[in-house]
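A short write-up of the structure that comes next.
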Amino acid sequence: MAETLVQLVRQGPVAQVTIDRPARLNALTPCMLDALEHMAREIEADGAIRAVVLTGRGDRAFCAGADIHAWAALQPLDMWRQWVRRGHQVFDRWARLRQPVIAALNGHAFGGGLELAITSDVRIAIDTAQFALPEASIATCPGWSGSQRLVRLIGPGHAKYLALGGVRLSADQALACGLVHERVPASELGLRAAALAHDMAGQAPVALQLTKQLINAAAGEDAPAALEAMAAALAASTADAAEGLRSFKEKRAPRYLGR
């Protein structure tokens with residue numbers, strides 16, 4: 001069932017992932033989180049995919065956040081174990097995909113929907129989209145990095161304005177504070193996102209993905225893993241690395257030359 005609510009379609013070097021639950025404003029359930037994680041793993045492992053578009057179905061909402069019916073009855077410890085931690089795991093995987101991700105925001109992004117949108121590298125919104133963190137109005141808190149990743153993106157002042165003031169940012173306001181990069185008419189969203197994704201897919205993929213990792217590290221997104229991955233890749237490309245493997249297989253002392 002979740003696979004039908006989150007769909008993955010490949011279009012050459014570009015993958016499009018669509019949250020497909022428009023009757024419920026694309027609100028996320030636990031099964032949909034599982035599907036998002038599965039698709040992120042699939043994209044990460046596919047060397048033919050060079051860019052990703054993440055969007056929602058319909059003309060009202062990209063994602064209205066977590067489906068309140070899915071978590072309202074949970075006990076506090078289950079809320080922590082099954083919902084908040086799970087959402088973080090899935091969203092972190094999306095934020096750390098090696099391929100660039102473009103969020104094509106086809107409507108409102110509220111709560112967890114906004115938190116999902118900011119896992120992407122570039123966000124393009126239709127001109128009627130609105131953005132909000134309404135958790136305090138139902139006596140809860142942002143649970144999927146709205147108080148962390150969003151602060152790194154737009155700063156604590158704008159994040160407090162959203163989370164504490166209960167306001168909705170318009171597309172123009174979101175553009176002004178850096179929450180979105182482009183604002184387009186709804187009729188142009190799909191074409192613009194696809195064009196940008198194909199432009200990215202046309203770049204040298206390794207250089208593009210390393211650049212994404214470097215920028216993510218500078219922004220505090222999994223910096224230790226980025227440093228270790230790049231150091232390991234550099235070391236593995238040396239003649240000494242090849243000699244180390246040969247000497248191990250031949251059961252002799254290695255002769256390292258420092259190159």
Cβ-Cβ FRET estimate between ALA253 and GLU44, R0 fixed at 35 Å, reported to 0.05: 0.35
Most mobile listed residue (VAL14, VAL180, VAL206) in the chain, GNM with C-alpha springs under 10 Å: VAL206
The chain, accessible surface, carbon-and-sulfur percent (1.4 angstrom probe): 59
Heavy-atom surface of the stretch 131-213, accessible at 1.4 Å and reported per residue (Å²): 53
Simple spin-label estimate for GLN209 and ALA139 in nanometres, 7 Å along Cα-Cβ: 4.7
Cβ-defined net charge surrounding GLY244, 12 Å radius [Lys, Arg +1; Asp, Glu -1]: +1
For the chain, built as a Gaussian network whose Cα springs stay under 10 Å, the top-fluctuating residue of ALA136, ALA64, ALA171: ALA136
Listed residue (GLN16, SER137, PRO185) projecting farthest to the positive dipole end of the stretch 6-202, Cβ model: SER137
The chain, relative contact order [Cα under 8 Å, separation at least 6], %: 16
Degrees between helix 205-218 axis and first principal axis of the chain (Cα, 0 to 90, nearest 10): 70
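The values are calculated or read from the model by the stated rules, or taken from the named source; none is laboratory data. Given the structure is predicted, the values throughout are model-derived calculations rather than measurements. FYI the Cβ positions are ideal-geometry reconstructions off the backbone, even for glycines, and counts take in every protein chain you see. Heavy atoms of the whole protein, side chains included, go into the accessibility calculation; ligands, DNA and RNA do not. Shrake-Rupley method; radii C 1.70, N 1.55, O 1.52, S 1.80 Å.
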